[in-house]
Amino acid sequence: MLKDKNCVDMHIHSTASDGALTPDECVKQAIAHGVNKLSITDHDTVAGYGELIENHADVKIIFGVELSAEHDTELHILGYNFDITAKPICDVLTAMKDERVQRNKRIIDKLSNNGVDINYEEMLKNYNSDVFGRVHIAKELVNGGYVKDVREAFEKYLSRGGYAYCKRELPSKQECIDAITKSGGIAILAHPIYLSLHRKDLIKFIDELIELGLSGVEAYHNAQDAPYSAYIVNICKDRNIYCTAGSDTHGMAGEKYAPVTIKDEYVLECINKIYR
């Protein structure tokens, strides 16, 4: 497929976090679908950028990340165009990596105490990483015959209410936004639809985040239909903040890859500014 200057994907996950495709495979998939502008936004890590092998001249790529912040439910803040060597972002990512490692150990201990045989050291070898997450533990539960699929693993063991669930200590919203902006980047609220807020409450929440330094909102996302996207775009226009667009693809079996072709001029202008 020919690339389209208005086809973008600013939200995609690789094997550096909980995606199924390597960073290079993510890029090749995007190119094959005509994507012109891309950002790999792995959860709480930028390790994927060190794994990019080829110089992908067919697509514009900027540094990205998806940070998890403390909230009633987990809040995700996307960051773009920051200096990945800057101290603010490195400090937050290091602290989050350390916490993820400790939570993995706590989860596996709980599973072991309930008769589920998963070995932490073996998982390090299997996934060649000390920052594997709950998705990877879920896969081991499937492989061990404890559940039939990943969904059941989360429902029975790993989600809130499951008997192996362990809460992760996360940085505050302010800390996440500061880590991005003080590293020269742009902080964006990811997939606002997942907050399940009524419209007045959502507007109030976005305004609170703007006070903390938020630069924009993800208007286009595969879980957000056209009317909802238009609603988010209008909120951003009224506040003169950025709109972004992403598929939030993880490359799992059966998942359809659907990057967005942008037609709204305001959104195009926002995205072009971010990619300059």
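Quick notes
- Qualifying residue in segment 267-276 (condition: basic (Lys, Arg), free of Cβ contacts under 8 Å to residues at least 12 places away in the same chain and not in a strand (DSSP E or B)): yes
- Complete set of residues in segment 1-39 that are in contact with a helix residue (DSSP H, G or I) (Cβ under 8 Å, 6 or more places away or on another chain) and among the β-branched types (Val, Ile, Thr): VAL8, ILE12, THR15, THR22
- Any hit, segment 119-126, residues being surrounded by 15 or more Cβ atoms within 10 Å (Cβ to Cβ) and touching a residue at least 24 places away in the same chain (Cβ under 8 Å): no
- Remark: pairs (first residue in segment 145-171, within 18 Å of ASP117 (Cβ to Cβ); second residue part of a loop (DSSP other than H, G, I, E, B) and β-branched (Val, Ile, Thr); Cβ separation under 8 Å; 6+ apart in sequence or on different chains) = TYR146/VAL116; ALA153/VAL147; LYS156/VAL147; TYR157/VAL116; TYR157/VAL147; ALA164/VAL116.
- Just one of the listed residues (LEU78, LEU38) is assigned by TED's automatic domain parsing to the domain that holds GLU255, touching an Asp or Glu at 6+ places or on another chain (Cβ under 7 Å) and either touching a residue at least 40 places away in the same chain (Cβ under 8 Å) or more than 19 Å from VAL260 (Cβ to Cβ) (or both), and it is LEU78.
- Taking segment 142-250 as the region of interest, none of the helices (runs of 4 or more DSSP H) fully inside it holds 3 or more residues being farther than 25 Å from LEU93 by Cβ and in contact with a Ser or Thr (Cβ under 6 Å, 6 or more places away or on another chain).
- When the criteria are applied in full, ILE137 meets the requirement of being in contact with a Leu (Cβ under 8 Å, 6 or more places away or on another chain) and in a helix (DSSP H, G or I).
- Filtered residues of segment 201-221 (kept if over 17 Å from ALA69 (Cα atoms) and either at pLDDT below 95 or among the small types (Gly, Ala, Ser) (or both)): ALA219
The values are calculated or read from the model by the stated rules, or taken from the named source; none is laboratory data. Everything numeric in this text was worked out from a predicted model, so none of it was measured. Neighbour counts run over all protein chains shown; Cβ positions are idealised from the backbone, glycine included.
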